[in-house]
Each structure stands twice: as C-alpha cells, then as structure tokens.
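**Student:** I'd like to ask you about the structure that follows.
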C-alpha cells in the first residue's frame, strides 16, 4: 500500500489539492506534494487527477476465512429491567431491510433473566428468529457476561451483520465483542445500506458532526455497527407475526463476570425525558413575549 | 498505585470548518490539542496517585508531533510518557489501535488501573478503551463519572447508564473510561513545563513492543474509510412573528410529520 505523486506527470493543475478532504496536499515548485502524516489514504486525489500522476495502491484485502460462511443479520435487543429499548425495535425494522437485500433472515438476540416474553414483541415487529439466553447471571448488565454471551453466540451461528443501539450499554460492551472476535465495528451510524458486492455501507458523523464518513469492513465478519437511537424508524407492530424462538444455554463460565453491579440509582423523573421525545421544539433569542 | 493513561492528539474540533467551495475540511491554522476527554482521565489518574502514591504514565500513538500532548500531560504532573510512532501504525482503526496500545502497556508493565477518556473528540467511537481491556484480558467500565473507593485489590465506580447511575465493583487491575462529570482538570504548572522539556520521551515502534505488523496500520485494520463528505444541508429557516395563529399553525405542521 502506498501513495505518491509521479512528478514527471504532474502538471500542477491543483485539482488534487482542492479535492483532498484533509488538506494533505500542497504545491511545491508547481508539483503536488502529499504530506503522508496527514494523508488518510482515501484515494480521492487519484480519482480526480486528469493525468494519472498519482500512484495509489489500495491495500489488498483478502481474508483467511471464507466470508460466505456468514449469513443473517442480527440485532442485539437491549432490555433493561424487562423493558425493551426502543432502539432494539428500530433496528429490527432497519435490519430487516438489510436482510432482505442480502436474501437472509433478521434475527434478534435477547439476553437477560425472565425475558422470554419479550421475544414475542420482537416477532411482532418483524424478527424472524429470536435467540434467547435466559439466566440469573444476565439479570443486570455486566460488560463481561454480556460480551462473552454475544461472542459465544456469534461464533456458534456466524451472522454476517450485527447491529446494536449506540446506548450507554451498547457503546460499552459491543466494542468488547468486536475486539474479542477481532472484527470491525463502526460506532454511532446514522445510515446503513448494502453495496454492490454485498458489504454493509456504514455512514456516521465525525469531527463533531462536521463531516460524514462512509466506512466499510470488507475482509472480516461479522460486520458490526452501533446505531444511534431515534435515527431509524420503528416498524409497525403486527400481532399476526411470529418468529422461531431458539433457546440457547451457554455454560456458566461464559456468563461469569469479574465486574458486578452493586447498586443502581435510577434518575427520578424530572418531567419528560429529552431522549425519549419524538419532536423537540426549542425557542431562540428571536422569540418575544 | 500505578496508573496508565492512553491519550490522543486531535484537531481542535470547534475550529474545524468546511470550505463551501470545495467541500473539504479547512485544516489551515487548526490547532492540535489533547483530546478534551483525556484531560479528565489525566486529572483522575493524578488525583488517585496523590491519594495512594505510585506513578502516572501517559501513552499516545500518532505522528512524532503528538509528543506535544505527552509534554502537556507531564506539565500537569504526569511522571512518565511513551510515544508510539511509526509508519507501520498509520491508518490503524480502533481495533488495531487498541492492540498497539495494549502491547505498549504490556511493556510498561506493573499497573493497577488504566484510565481513558470516554472517547476521542474527532472519531467519537468510545471503542479503544474497551478494546485495550480485551487485549489485556481485563474487566472494564465505560462512562465512569466517579471513582468511589479504591481498595488494595478492587475499585468501586459510578458509571452513567441511560436511565441513571450504576455502581460497579471490579477487581484491580482493570480499566475505566471517564466522563467530564468526574473532575475539573488542573492547569499545567511552570515547574511541570520545565520538567517536561527536560524529560526524555521514548519513541516505540512495532518491534519495541512485539507487534504483529500484519494486524496494525491501514492494512491490518478491518474497517476503512471509503468516502468522506459534507452532511447535506437541512432545509432553510422560515422566520415568522410569534403570533398565536402562527404558533398554532406551526404546532399543527410539526405534529403532522
């Protein structure tokens, strides 16, 4: 992998200087010079160069594993105290579109204790299969037991895509899952899609929302993403829908945790929560009495 | 109590602007700063050191000029610093970065707690902290807003949940990522700056920390940036007088959506 300017070809037109998203290219003696410490190797300059003066060798990405062994779209169905998070249902709706595009199934993963009733709710919103791990060890959220249970399930069933809400819980333990499996994870996606090669297109804001970046994970599976709550639309509820329920029983060593929640302080309701609002109306300095 | 604080040099995001003609980031004159969330991590580590003794080591991965954030940390009172800088590391995503930092922490050795900022202000991923914990086979707690008690072999922290606070107990060594509620970071001192300038900061590459080069850098990273673009502009404003009729009309339109 490398990027360089072939000086003999460069005509000094400065198109690449204007195209570079990170301003890594400068003109020196009427030739483009790339600052490799700033360059993010996106290849935008190569595409825009009219005289092919930029040599860019994209990294070759080949996997040791056969990626076609992985199929289905999974949604981690976050619940706290037996109540499903809205984002779980939103992701069932979004994940189902991705599963359809890939010709596979949308599966929900439910971790907790005495939560099997929630499996039906996931089915009513479109989940085709629900994996349930029900154990007292999962009653309270623990990064270790939740991530180990997810890793165990993923290694057993090999999903192609795994989605989770970008909530405090999802943003805390999903990175552990991806790191254990050694696969890619894209945080806080605001839009998802499938490209022509069947890869998950993950779009997210960066630099405090000043730019958007599209991220791909082409050589490892599953492709994992967390998605911000309220970005995707919650699908309609239909009590006529049903799902295959798969009860999974990992060993106690999988659900063991060195970390324990010894107390919970739930915020006393101070009026309606901003996070749960569908529409927020704010007034500015232009408002008069 | 020995503490390690992994930090990151980031562009000062409040300064990042888009050139409307070219749709690119204007980087000219944009300062590089210590990731603001890392300042809380450095401060918390210093406070823990002041209570329990030991030392604080900061570590960063980046281009050679990232040494600046290490010097700033030393000027705040941090004892030691390590710079991870090598062409092989360039383009690392969060998984590869976690691996490199974890390898460096293994070489630094002898620590009780790793303190990270909750996320970096440029990428906002919050993934490197938990990733380091996995590589070092440690438990971790993200979004910690208070360190309640520290005992010889355990720590009790409060972490932010979506519906409140969870009090979490973990054995040591372990890793926490901290939020801005945890403290108010101190300023650098003159004596600290003087000491920082005189302290040698070692620069480590992949060989110094036993890195498998196949899993670092752009090529060793599972995720990569395909495209960067400016977010589409939302529709413009509609100024109106705050009359009762207008407000009723507006409320009606919003509810219809």
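**Student:** Has the stretch B:170-190 got at least one residue that is buried (at least 18 other Cβ atoms within 10 Å of the Cβ) and part of a helix (DSSP H, G or I)?
**Tutor:** Taking every residue of the stretch B:170-190 in turn, at least one turns out to be buried (at least 18 other Cβ atoms within 10 Å of the Cβ) and part of a helix (DSSP H, G or I).
**Student:** Give the residues of the stretch B:203-221 that are exposed (fewer than 11 other Cβ atoms within 10 Å of the Cβ) and over 30 Å from residue A:214 (Cα atoms), sorted by residue number.
**Tutor:** Listed by number, the residues that qualify are B:207, B:210.
**Student:** Tell me which of these residue B:101 doesn't satisfy, since it passes every other one: (1) more than 14 Å from the chain's Cα centre (by Cα); (2) assigned to a helix (DSSP H, G or I).
**Tutor:** With (1) more than 14 Å from the chain's Cα centre (by Cα); (2) assigned to a helix (DSSP H, G or I) applied to residue B:101, the lone miss is (1).
**Student:** Report whether or not residue A:227 is in contact (Cβ under 8 Å) with a residue 40 or more places away in the chain, touching a strand residue (DSSP E or B) at 6+ places or on another chain (Cβ under 8 Å) and away from every other protein chain (no Cβ under 12 Å).
**Tutor:** Yes, satisfied.
**Student:** I would also like to ask the following. Checking the structure you have, find out if any residue of the stretch B:117-124 is within 10 Å of another protein chain (Cβ to nearest Cβ), in contact with a strand residue (DSSP E or B) (Cβ under 9 Å, 6 or more places away or on another chain) and surrounded by fewer than 20 Cβ atoms within 10 Å (Cβ to Cβ).
**Tutor:** Checked against the condition, which is being within 10 Å of another protein chain (Cβ to nearest Cβ), in contact with a strand residue (DSSP E or B) (Cβ under 9 Å, 6 or more places away or on another chain) and surrounded by fewer than 20 Cβ atoms within 10 Å (Cβ to Cβ), the stretch B:117-124 yields at least one hit.
**Student:** May I ask you to list the residues in the stretch B:220-234 that are in contact (Cβ under 8 Å) with a residue 60 or more places away in the chain and part of a loop (DSSP other than H, G, I, E, B)?
**Tutor:** Within the stretch B:220-234, B:220, B:221, B:222, B:223, B:230 meet the criteria.
**Student:** Hey, any hits in the stretch B:222-232 for a residue that's at the interface with chain A (Cβ under 9 Å from one of its Cβ atoms), surrounded by 10 or more Cβ atoms within 10 Å (Cβ to Cβ), modelled with pLDDT under 95 and farther than 30 Å from residue A:182 by Cα?
**Tutor:** yes
**Student:** Residues to consider are B:73, B:88; find the one that is surrounded by 23 or more Cβ atoms within 10 Å (Cβ to Cβ), in contact with a helix residue (DSSP H, G or I) (Cβ under 6 Å, 6 or more places away or on another chain) and within 18 Å of residue B:202 (Cα to Cα).
**Tutor:** None of the others qualify; the one that does is B:73.
**Student:** Sticking with this structure for a sec: Out of all the residues in the stretch A:207-217, is one or more modelled with pLDDT of 90 or more, out of contact with any strand residue (DSSP E or B) (no Cβ under 6 Å at 6 or more places or on another chain) and buried (at least 16 other Cβ atoms within 10 Å of the Cβ)?
**Tutor:** No, every residue in the stretch A:207-217 fails to be modelled with pLDDT of 90 or more, out of contact with any strand residue (DSSP E or B) (no Cβ under 6 Å at 6 or more places or on another chain) and buried (at least 16 other Cβ atoms within 10 Å of the Cβ).
**Student:** I'd like the full set of residues that are surrounded by 13 or more Cβ atoms within 10 Å (Cβ to Cβ) and within 14 Å of another protein chain (Cβ to nearest Cβ), limited to the stretch A:39-60.
**Tutor:** Scanning the stretch A:39-60 gives A:39, A:40, A:41, A:42, A:43, A:44, A:45, A:46, A:48, A:56, A:58, A:59.
**Student:** For residues that are free of Cβ contacts under 8 Å to residues at least 24 places away in the same chain and away from chain B (no Cβ under 12 Å), scanning just the stretch A:237-263, find the one that is farthest from residue B:157 (Cα to Cα).
**Tutor:** A:240
**Student:** Here's another thing I want to ask about it. Taking residue B:193 and the conditions (1) within 12 Å of chain A (Cβ to nearest Cβ); (2) in contact with a helix residue (DSSP H, G or I) (Cβ under 6 Å, 6 or more places away or on another chain); (3) not in a loop (DSSP other than H, G, I, E, B), which numbered condition does it fall short on, given that it satisfies the others?
**Tutor:** (1)
**Student:** Continuing with this model, one more query. Look through the stretch A:1-38, keep the residues that are buried (at least 18 other Cβ atoms within 10 Å of the Cβ) and closer than 19 Å to residue B:224 by Cβ, and return whichever of them is modelled with the lowest pLDDT.
**Tutor:** It comes out as A:21.
**Student:** Next question. Any residue at all in the stretch A:149-156 that is within 26 Å of residue B:122 (Cα to Cα), touching a helix residue (DSSP H, G or I) at 6+ places or on another chain (Cβ under 9 Å) and buried (at least 22 other Cβ atoms within 10 Å of the Cβ)?
**Tutor:** No, there is no match, as no residue in the stretch A:149-156 is within 26 Å of residue B:122 (Cα to Cα), touching a helix residue (DSSP H, G or I) at 6+ places or on another chain (Cβ under 9 Å) and buried (at least 22 other Cβ atoms within 10 Å of the Cβ).
**Student:** Let me ask something else. Could you tell me which of the residues B:82, B:58 is assigned to a strand (DSSP E or B), crowded, with 22+ Cβ neighbours inside 10 Å and under 15 Å from the mean Cα position of the chain (by Cα)?
**Tutor:** Result: B:58 is the single residue among B:82, B:58 that is assigned to a strand (DSSP E or B), crowded, with 22+ Cβ neighbours inside 10 Å and under 15 Å from the mean Cα position of the chain (by Cα).
**Student:** For the stretch A:24-36, give me each residue that is in contact (Cβ under 8 Å) with a residue 12 or more places away in the chain and either under 28 Å from the mean Cα position of the chain (by Cα) or within 15 Å of residue A:4 (Cβ to Cβ) (or both).
**Tutor:** A:24, A:25, A:31, A:32, A:33, A:34, A:36 - these are the residues of the stretch A:24-36 that are in contact (Cβ under 8 Å) with a residue 12 or more places away in the chain and either under 28 Å from the mean Cα position of the chain (by Cα) or within 15 Å of residue A:4 (Cβ to Cβ) (or both).
**Student:** Please tell me if residue A:98 is buried (at least 16 other Cβ atoms within 10 Å of the Cβ), touching a residue at least 12 places away in the same chain (Cβ under 8 Å), in a helix (DSSP H, G or I) and out of contact with any strand residue (DSSP E or B) (no Cβ under 7 Å at 6 or more places or on another chain).
**Tutor:** Taking the combined requirement at face value, the residue does not satisfy it.
**Student:** Which one is farthest from residue A:181 (Cα to Cα), of the residues in the stretch B:129-157 that are in contact with a strand residue (DSSP E or B) (Cβ under 7 Å, 6 or more places away or on another chain), at the interface with another protein chain (Cβ under 8 Å from one of its Cβ atoms) and not in a loop (DSSP other than H, G, I, E, B)?
**Tutor:** Top of the filtered list is B:156.
**Student:** While we're here: Can you work out which of the residues in the stretch B:161-186 that are in contact with a helix residue (DSSP H, G or I) (Cβ under 8 Å, 6 or more places away or on another chain) and at the interface with another protein chain (Cβ under 7 Å from one of its Cβ atoms) is nearest to residue B:137 (Cα to Cα)?
**Tutor:** The selected residue is B:161.
The values are calculated or read from the model by the stated rules, or taken from the named source; none is laboratory data. Not measured: the values here are computed from a predicted model. So basically every Cβ, Gly included, is an ideal-geometry build from the backbone, and we count neighbours across all protein chains shown.
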